[in-house]
Amino acid sequence: MGRGAALDSVHFEFQTAALLSQCVSKIALVANWAKQHPSAEIELQGYLDQREVAQNGPVSTARSEALSESRARLVRDSLIAAGLEQERITVGSGDGVRFLCSDESETCGQRNRRVEIMVVERSAR
């Protein structure tokens with residue numbers, strides 16, 4: 001599936017697939033939006049922050065990929081639990097590295113530890 005428009009992002013605790021509490025309600029909002037737009041498909045892509053990438057190290061690319069994918073799968077499963085059809089959701093793959101900011105602050109880290117929720121229209125495939 002190709003990149004579409006960013007609908008939202010949800011953010012995670014450090015080195016886990018645990019959503020930040022303030023992001024839990026976003027899942028229901030996204031699911032409700034998608035139910036109102038039946039031609040929209042959802043693409044999820046998980047990302048890590050700089051400290052997670054450094055801690056996992058270059059030898060552990062598989063660990064970084066696994067964490068970013070775990071985050072995306074958690075969001076997928078949460079969307080399905082909120083009533084969105086599984087066929088409309090794709091979990092992207094990759095190394096989980098695309099920083100939105102690069103300073104060492106926790107605020108920056110939280111911005112980078114995310115799953116981006118993209119909308120792709122079925123007709124665009």
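The values are calculated or read from the model by the stated rules, or taken from the named source; none is laboratory data. Values in this document were obtained by computation on a predicted structure and should not be read as measured data. Positions of Cβ are backbone-derived with ideal geometry, glycine not excepted, and every protein chain shown enters the neighbour counts. For accessibility, only protein heavy atoms count, side chains too; no ligands or nucleic acids. Shrake-Rupley method; radii C 1.70, N 1.55, O 1.52, S 1.80 Å.
Residues considered: Ala18, Ala5, Ala28, Ala54. Of these, the only one that is among the aliphatic types (A, V, I, L, M), within 15 Å of the chain's Cα centre (by Cα), modelled with pLDDT under 90 and surrounded by fewer than 19 Cβ atoms within 10 Å (Cβ to Cβ) is Ala5. In the set (1) more than 22 Å from Glu121 (Cβ to Cβ); (2) at pLDDT 85 or above; (3) buried (at least 18 other Cβ atoms within 10 Å of the Cβ); (4) not hydroxyl-bearing (Ser, Thr, Tyr), the condition left unmet by Ala34 is number (1).
Consider Ser39 carefully, then state whether it is open to solvent by 50 Å² or more (accessible area, probe 1.4 Å) and either of a type in the set (S, T, N, Q) or free of Cβ contacts under 8 Å to residues at least 40 places away in the same chain (or both). Show your work before the answer.
Working: open to solvent by 50 Å² or more (accessible area, probe 1.4 Å): yes; either of a type in the set (S, T, N, Q) or free of Cβ contacts under 8 Å to residues at least 40 places away in the same chain (or both): yes.
It is true that Ser39 is open to solvent by 50 Å² or more (accessible area, probe 1.4 Å) and either of a type in the set (S, T, N, Q) or free of Cβ contacts under 8 Å to residues at least 40 places away in the same chain (or both).
Filtered by the rule that a residue be open to solvent by 50 Å² or more (accessible area, probe 1.4 Å) and closer than 20 Å to Asn32 by Cβ, region 62-89 gives Leu74, Arg76, Asp77, Ile80, Ala81, Glu85, Gln86, Glu87.
Screening Gly94 on (1) closer than 18 Å to Ala6 by Cβ; (2) open to solvent by 40 Å² or more (accessible area, probe 1.4 Å); (3) at pLDDT below 95 shows it passes everything except condition (2).
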